[in-house]
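Structure, as structure tokens:
The values are calculated or read from the model by the stated rules, or taken from the named source; none is laboratory data. Worth saying up front: this structure is predicted, and the values here are computed from it rather than measured. Cβ coordinates were reconstructed from backbone atoms using ideal geometry, including for glycine residues, and neighbour counts include every protein chain displayed. For accessibility, only protein heavy atoms count, side chains too; no ligands or nucleic acids. Shrake-Rupley method; radii C 1.70, N 1.55, O 1.52, S 1.80 Å.
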Amino acid sequence: MDFFAPEPVQQIPRGQFATPWKIVIADDEQEVHSVTRMVLNDYQFGGQNLEFHSTYSAAETRELLQGGEDFAVILLDVVMETETAGLELVQWIREELQNSFIRIILRTGQPGYAPETQVVLNYDINDYKEKTELTSQKLFTTITSAIRGYRDLKVIDRNRKGLRQIVQSTANIFELTSLKSFTNGVLTQLTSLLNFDDSSLLVQTSGLAVREEHGEFHVLAATGEYGACDESDSCIPAAVRRLFERGVREKQSFFEKDAFIGYYRTQNGSENLLYLKGRHQLRELDRQLIQIFSSNITIAFDKVYLNLDLEETQRELIQTLGEVVENRHSETGQHVVRVAEVSYCLAKAMGVDEEEAKQIREAAPMHDIGKITIPEEILFKTGPLSPEEFELVKTHTSEGRRMLSHTKRRTLHKAAEIALNHHENWDGSGYPGGLRGEEIPLAAQIVGLADAVDALSHERAYAGAWPFESICDAIAQSKGSRFSPRLVAAFESCKDEIAEIVATP
């Protein structure tokens, strides 16, 4: 049977991308498959060829479509296993499979079984053709119209997904408070924004985020081929450096071939830049999405720097107050600085995440804040304390908690927890609550060990300094009594680093 009149097939010039348009031929007649493939063999649209997939029944077509591949068009016969198999398949595609993108061209050699008016009104199809009317030119026109419709729907959907992702990712990065996590988040969101479905041509990206200071660029975050960059600017290629310099000079973001250079100046005068490079030329939609996303980045940078300023101010105030208290009974307030650094080292050795470890380091200087309520004659006493005096000294833990518990700041809440519990012992023999084992907050356990190590390392009014080796022996002997076995193991794993910290004057 001759289904198509011989007509020349018009060709569209090949473009730069070779991903084929996937076409399903669903028909129970082998000759239909053969002739369709022959007529459309050299067809191209937008520089992309066709990739044919043949099925010979509605059931076989269901199985193919359920595989998750992204098909552009289905040339669907009405009559296959049954007289309405094709129509039932249309309903399944749209209603159960929830595929609104694939363009369905219904073809029939027996129009009496499926009158055109009724089918067009009752079924979500995109075209209806009798097999005998499909010349090769008409088939070409029909396929072109269908692929163009499919492409436009995918672009609209990609745009919708991109805008939704911009809203979600902007909310996510606004939650990031450290400069490093924020810049990493920006790069991650930008690269994912350009690669959220198979239709994206920018499938691999590399990026850098830097801060400009006095003509030098300090790397804040890096992805892709720049992932191994450290904070110095030595790993920044000369070509990228020139783009950064242009951004600083022109005070604006811009596109350069396959790259985007984002320029962000914050209210405190900090200049930050992003460099994003793809494997292919950025399309107009990609550029629009980047511009929309980037419009909020400056506001986010301002928020991060403001948060950093507040954190630094709080950190300095906490450390200064800790030093004031320590100076009442010591020649130097550096004890609190060393305790903070040892606590951070121990926290990392115990597997505490970076944010929590930093918070412990920031809160640690306040561990003895309650000693401000203890009379100087007791703090400066060189001889043994009487039982009554020792009971009074012990109150510095609860007094410290009382002084720090009237705030909503997380760091000060952590400091209050540490102040109250850093003299509790693993075996329950400590004070003020006689807590045992895991009842003792981990931060308090860590600072308690850090405090003991540094106190033993330096001369006090009531005792001389110990050699570090003797301190290590004492810590080991206190495993399971004063300190938890896990904490002692953490101390052993980083004792060389701790030795350097406590040796600092």
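Worth a mention:
- Scan of the stretch 433-481 for residues that are more than 26 Å from L379 (Cβ to Cβ), among the aliphatic types (A, V, I, L, M) and without any contact (Cβ under 8 Å) to a residue 40 or more places away in the chain, ordered by number: A476
- Residue, modelled with the lowest pLDDT, within the stretch 22-58, restricted to residues that are among the hydroxyl-bearing types (S, T, Y) and open to solvent by 50 Å² or more (accessible area, probe 1.4 Å): S34
- Taking the numbered list (1) modelled with pLDDT under 95; (2) touching a His at 6+ places or on another chain (Cβ under 8 Å) in turn, A444 passes all entries but (1).
- Close pairs (8 angstrom Cβ cut-off, 6 or more residues apart or separate chains): open to solvent by 50 Å² or more (accessible area, probe 1.4 Å) in the stretch 124-139, assigned to a helix (DSSP H, G or I) anywhere: D124/V90; D124/R94; N126/A146; N126/G149; E130/P111
- Selection status of L153, part of a helix (DSSP H, G or I), modelled with pLDDT of 75 or more, closer than 22 Å to P20 by Cβ and in contact with a helix residue (DSSP H, G or I) (Cβ under 7 Å, 6 or more places away or on another chain): no
- Residue, farthest from I147 (Cα to Cα), within the stretch 62-79, restricted to residues that are exposed (fewer than 15 other Cβ atoms within 10 Å of the Cβ) and in contact (Cβ under 8 Å) with a residue 24 or more places away in the chain: Q66
- Checklist (1) open to solvent by 20 Å² or more (accessible area, probe 1.4 Å); (2) among the small types (G, A, S); (3) under 22 Å from L40 (Cβ atoms) applied to S100, failing item: (3)
- Residue match in the stretch 482-490 (condition: closer than 27 Å to K381 by Cα, of a type outside the set (D, E) and modelled with pLDDT under 95): no
- Each residue in the stretch 363-391 was checked for being open to solvent by 50 Å² or more (accessible area, probe 1.4 Å) and under 16 Å from N421 (Cα atoms), and 1 of them qualify.
- Residue within the stretch 63-71 that is of a type in the set (G, A, S), modelled with pLDDT of 90 or more and at negative phi present: no
- Residue under evaluation E424, criteria (1) in contact (Cβ under 8 Å) with a residue 40 or more places away in the chain; (2) closer than 18 Å to R486 by Cα, criterion not met: (1)
- Residue list for the stretch 453-505, filter: open to solvent by 20 Å² or more (accessible area, probe 1.4 Å), of a type in the set (A, V, I, L, M, F, W, C) and closer than 17 Å to R338 by Cα: A455, L456, A465, W466, F468, A499, I501, A503
- Qualifying position, being modelled with pLDDT of 75 or more and either of a type in the set (A, V, I, L, M) or open to solvent by less than 50 Å² (accessible area, probe 1.4 Å) (or both), among Y263, Y226: Y263
- Leading residue by the ranking (most open to solvent (accessible area, probe 1.4 Å)) among those in the stretch 431-450 that are at negative phi and in a loop (DSSP other than H, G, I, E, B): R436
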